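Report on the structure given below.
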Amino acid sequence: MKDHDVVVIGGGSTGCSVLYHLAKMGVKQPLLVDMAPQLASGQTSRSTALVRTHYSSEILTRMALLSYRFFKDFGRQLPGHTAGYVETGLIVGADEASVPPLLENAAMHKRVGIDSRIMKPEEMASSQIEPMLNTAEFSLFAYEPNAGYAEPSTTAASFASAAVQLGASVLTGSRATKIERATSSGENGYSVHTTEGLVQCRNVVIATGVWSRPLFAQMGIDVPIKVSRHPVAIFGRPARYQGNRPVIFDFPRSAYYKPEGNELFFAGSLAPDLDASGEESDPDSYNEGISYEEAAGFSESAAAALPTMAEAGTYRRGYAGLYDNTPDQNPIVDELSENGYPGVYCVVGLSGHGFKLSPEFGRIVSSLIVQGKFPDYDVSVFKLRRFKDGRPLGGKYRVSTIA
Ligand SMILES: Cc1cc2nc3c(=O)[nH]c(=O)nc-3n(C[C@H](O)[C@H](O)[C@H](O)COP(=O)(O)OP(=O)(O)OC[C@H]3O[C@@H](n4cnc5c(N)ncnc54)[C@H](O)[C@@H]3O)c2cc1C
């Protein structure tokens with residue numbers, strides 16, 4: 001294989017966005033390799049792909065807001081391409097313990113420029129935002145109208161296709177097995193060994209999600225990523241609950257609900273124990289289906305929060321995906337120079353909330369590679385060494401992915 005300036009390993013939403021942003025910034029012929037026969041067939045294809053700005057740390061909130069704006073403007077940013085973004089709004093329903101952080105977060109969101117409205121249960125009940133919602137178990141709500149969901153595989157494919165139009169190359173069916181310092185291509189060059197041959201390059205970007213640990217281990221780096229299984233149940237909505245409806249975070253029942261399209265309804269988990277104490281999963285061999293108990297649990301939660309689902313909702317099917325969790329459930333975005341690999345970058349450990357941030361991941365990494373810095377905000381908080389240094393990026397809620 002011929003030489004490339006930059007090789008991106010992993011063709012999910014992260015790697016494809018990085019590839020696009022590299023090509024847009026003028027990198028000549030960046031190459032993306034993915035071991036699967038098709039792009040976006042990793043966790044991106046299993047994502048519920050919510051695009052929201054409700055976060056509890058300011059830096060993630062800012063990144064989510066910039067990424068949200070990118071999704072809204074996707075067709076103009078990447079002419080002829082789509083992310084399939086649908087705006088629905090998001091209702092964050094807090095239990096008693098989450099009221100203080102909800103209030104703090106909403107105040108921070110306002111400061112950052114997000115339209116976030118605090119509503120008492122009686123205000124939510126009398127509003128027309130979601131007339132089907134049973135507000136009984138909730139203590140307080142934050143409502144953000146500027147949120148929704150995108151089509152995750154389409155988004156990744158759009159990034160890749162726009163990158164190819166700008167001169168990038170994509171090689172699927174090719175697993176990267178080793179990254180090593182290359183003597184032939186200068187001091188900072190690398191050889192990326194793949195099942196399809198060797199590629200020489202100046203920079204490498206690792207965007208391999210739940211499959212990251214072996215690649216890091218081969219470089220002698222112990223990356224703290226725990227792979228955890230997350231089931232999702234899909235229901236049909238009754239006639240009176242169809243059409244475009246807000247996404248709901250249900251903290252009392254540790255669940256989220258995503259009404260999709262006209263009549264589908266996805267239910268997923270916000271339970272912290274799935275990530276903290278749940279069993280470690282093997283990304284190449286795990287239960288990709290959903291158990292009876294899991295489906296029944298989601299049925300019960302959905303029925304309690306939205307009684308119309310109990311009356312006439314129908315169970316359709318389910319599946320399970322994987323999160324690449326870090327100990328603080330926040331991404332690792334870093335150049336691995338401290339580990340002896342200057343010029344090798346990683347965007348991994350996205351902990352179940354990395355899809356929506358993909359536009360910013362692409363902007364950050366391409367800028368670090370091309371300009372040697374990312375001037376817009378301080379991304380050093382995402383460094384790998386924060387775990388060793390005891391400086392994790394904390395979230396404020398007990399529910400997991402709302403980092
Ligand atoms: C059920 C579920 C729901 C989710 N909901 C949301 C949500 O609502 N909002 C949100 O923002 N995020 C959500 N996420 C998280 C989000 O989907 C992920 O963070 C994001 O899609 C990860 O993208 P990625 O490109 O990093 O990883 P992936 O999409 O997994 O891509 C990694 C790619 O790397 C390739 N690869 C791995 N190792 C190698 C190798 N050695 N050589 C070559 N190729 C390799 C794989 O084939 C794969 O294509 C959810 C995730 C799941 C599972």
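The values are calculated or read from the model by the stated rules, or taken from the named source; none is laboratory data. Just so you know, these numbers come straight off a predicted model, no measurement behind them. So basically every Cβ, Gly included, is an ideal-geometry build from the backbone, and we count neighbours across all protein chains shown.
Couple of notes before you dig in:
- Residue within the stretch 21-37 that is closer than 24 Å to Val112 by Cα and part of a loop (DSSP other than H, G, I, E, B) present: no
- Residues in the stretch 240-283 that are under 13 Å from Ala302 (Cβ atoms) and charged (D, E, K, R): Arg245, Asp250, Arg253, Lys258.
- Residue list for the stretch 87-130, restricted to those being part of a loop (DSSP other than H, G, I, E, B) and not acidic (Asp, Glu): Thr88, Gly89, Gly113, Ile114, Ser116, Lys120, Ser127, Gln128, Ile129
- Boolean, Ser161 is surrounded by fewer than 23 Cβ atoms within 10 Å (Cβ to Cβ) and assigned to a helix (DSSP H, G or I): yes
- Selection of helices (runs of 4 or more DSSP H) fully inside the stretch 218-318 by the criterion of at least 2 residues being modelled with pLDDT of 95 or more and more than 16 Å from the ligand (Cβ to nearest atom) returns 292-305, 307-312.
- Filter result for Ala303 (without any contact (Cβ under 8 Å) to a residue 12 or more places away in the chain, of a type in the set (A, V, I, L, M, F, W, C) and either surrounded by fewer than 22 Cβ atoms within 10 Å (Cβ to Cβ) or touching a His at 6+ places or on another chain (Cβ under 6 Å) (or both)): yes
- Selection within the stretch 356-384 - buried (at least 24 other Cβ atoms within 10 Å of the Cβ) and outside any helix (DSSP H, G or I): Lys356, Leu357
- Top-ranked residue of the stretch 38-53 - restricted to ones that are among the hydroxyl-bearing types (Ser, Thr, Tyr) and in a loop (DSSP other than H, G, I, E, B), ranked as farthest from the ligand (Cβ to nearest atom): Thr53
- Pairing residues of the stretch 3-32 that are under 10 Å from Cys201 (Cβ atoms) with residues that are outside any helix (DSSP H, G or I) and of a type in the set (Ser, Thr, Tyr), at Cβ distances under 6 Å and at least 6 apart in sequence or on separate chains, gives Leu31/Ser169.
- Only residues that are away from the ligand (no atom under 14 Å from the Cβ) and of a type in the set (Ser, Thr, Tyr) were counted across the stretch 328-348, and they come to 2.
- Scanning the stretch 319-342 for residues that are on the phi > 0 side of the Ramachandran plot and either surrounded by fewer than 19 Cβ atoms within 10 Å (Cβ to Cβ) or in a strand (DSSP E or B) (or both) turns up just one, Gly340.
- Candidates Ser351, Ser367, Ser380: the one that is within 16 Å of the ligand (Cβ to nearest atom), small (Gly, Ala, Ser) and under 19 Å from Ala207 (Cα atoms) is Ser351.
- Of everything listed in (1) at pLDDT 95 or above; (2) farther than 20 Å from Gly12 by Cα, the single unmet condition for Ala403 is (1).
- Matching option when the condition is more than 25 Å from Ala320 (Cα to Cα), among the polar types (S, T, N, Q) and within 13 Å of the ligand (Cβ to nearest atom), among Ser13, Ser67, Ser98, Ser56: Ser67
- Considered as a group, the residues in the stretch 135-152 that are surrounded by fewer than 17 Cβ atoms within 10 Å (Cβ to Cβ) and over 28 Å from the mean Cα position of the chain (by Cα) include one that is nearest to the ligand (Cβ to nearest atom), and that residue is Glu137.
- The number of residues in the stretch 19-59 being within 30 Å of Tyr397 (Cα to Cα), crowded, with 24+ Cβ neighbours inside 10 Å and in contact with a Phe, Trp or Tyr (Cβ under 7 Å, 6 or more places away or on another chain) comes to 5.
- Annotation: Gly84 fulfils all but one of (1) assigned to a loop (DSSP other than H, G, I, E, B); (2) at negative phi; (3) more than 11 Å from the ligand (Cβ to nearest atom); the unmet one is (2).
- One residue alone among Arg363, Arg317 is among the basic types (Lys, Arg), touching a residue at least 40 places away in the same chain (Cβ under 8 Å) and in the same structural domain as Tyr286 (by TED's automatic domain parsing), and that residue is Arg317.
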